[in-house]
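Where a number appears in this text, it was derived from the coordinates with a stated rule and is not lab data. Owing to the predicted nature of the structure, the values given are computational and were not obtained by experimental measurement. Every residue, glycine as well, gets a Cβ built from its backbone with ideal geometry; the counts of neighbours run over all protein chains shown.
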Amino acid sequence: MNALAPSVSLRLATASDHADLIRVWEAAVRATHHFLAEEDILFFRGCLPSAFGLLNVWVAEDDGRIVGFIGVSGHHIEALFIAPEQHRRGVGRRLLDHVIATAPGVAWRVDVNEQNPEATRFYQHYGFVQTGRSELDPSGRPFPLLHMVLRR
């Protein structure tokens, strides 16, 4: 893993960040979610603006440019997306460390697309274990999810 650039900082997202969050989300999805068809990407992209308003979203910035974000609801990680050029640089881990530190004794949860093995490995390496599986995602689409919980 390359060292995290010292210029990366974390802050809460604002409504004015939404276009940049969508840009990061789409680039990350196109780089890692090869199982999605174009119409699926367009569907999910359309859901993002309303979803951002329901989540506590933290962004990672590098020299003032958003390069990743994490969205949580309670103690559930709903989204963690990193710009592809920042993969394996510690940005995702730093965002995850940050939100978990807000409630370190809690059993944090995440649902991961089964067809995204890199994400599954990332969470397993962090200490998450699989506790279940769903055949469909919350929108009823046939994208199986692995339900994971942080065990330390």
Take peptides 120-127, 20-27 and line them up by average Cβ neighbours within 10 Å, highest first, as a rough protection proxy. 20-27, 120-127
So how far, in whole Å, is the C-alpha centre of region 2-81 from the one of region 89-113? 14
Which value, in debye to the nearest 20, describes the size of the charge dipole of the chain about its Cα centre when Lys and Arg Cβ atoms bear +1, Asp and Glu Cβ atoms bear -1, and nothing else is charged? 540
The long-range amide H neighbours of Trp108, using H built 1.01 Å from N in the peptide plane and a cut-off of under 5 Å, are Leu150
Formal net charge of residues neighbouring Ile100 (Cβ-Cβ distance under 15 Å; K, R +1; D, E -1): +3
Could you list Ile77, Ile100 so that the one with the fewest beta carbons within 10 Å of its beta carbon is first and the one with the most is last? Ile100, Ile77
Compute the relative contact order of the chain as a whole-number percentage, counting only Cα pairs closer than 8 Å that sit 6 or more residues apart in sequence. 21
Residue-ordered couplings for region 106-111, obtained by feeding phi - 60° into the Karplus form 6.51 cos²θ - 1.76 cosθ + 1.60 and rounding to whole Hz (Gly and Pro as x), are 8, 7, 4, 10, 8, 10
May I ask you to evaluate 6.51 cos²θ - 1.76 cosθ + 1.60, the Karplus curve with θ = phi - 60°, for each residue of region 147-152 and list the ³J(HN,Hα) values in order in whole Hz, giving x for glycine and proline? 8, 10, 9, 7, 10, 10
